[in-house]
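Trainee: So that we are looking at the same thing, I have put the structure below in structure tokens.
Here, each number is a calculation from the coordinates, and none is a lab measurement. Here the structure is a predicted model, which means the values were calculated and not measured.
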Amino acid sequence: MIVRVARFDPMPPEVEAAMLDNIRVRFRAALQAQDGLEGVYWARGEDGIWLSISFWESLEASDQAGREANAVPLLPHQQSELIPSPASVETCDVVERG
């Protein structure tokens, strides 16, 4: 199992709203439809940073799922320029699970 942590820098309110809309109406369902997903969380820090933390059966499953979920078309009201990409992404092997 791996954990994937994507970090998003603080963003203007309209970008944050577009990102939340994308998670809620399109991306979460597209991601959950992929094989190998163990769980996913989105978190916002007091300093405005966002983290996407997901757990996968393997790195290959994570990579494939990301490609397929991102290929799902945006909905008519969504604007791609308002949906941010992560500033950084890290993956680590899970060595212990509680």
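Trainee: Quick check, is residue 50 aromatic (Phe, Trp, Tyr) and within 13 Å of residue 8 (Cα to Cα)?
Mentor: Here the answer is yes, as residue 50 does meet what is asked.
Conditions (1) under 15 Å from residue 1 (Cα atoms); (2) over 13 Å from the mean Cα position of the chain (by Cα); (3) of a type in the set (Phe, Trp, Tyr), marked per residue:
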residue	(1), (2), (3)
37	yes, no, no
44	no, no, no
48	no, yes, no
62	yes, no, no
90	yes, no, no
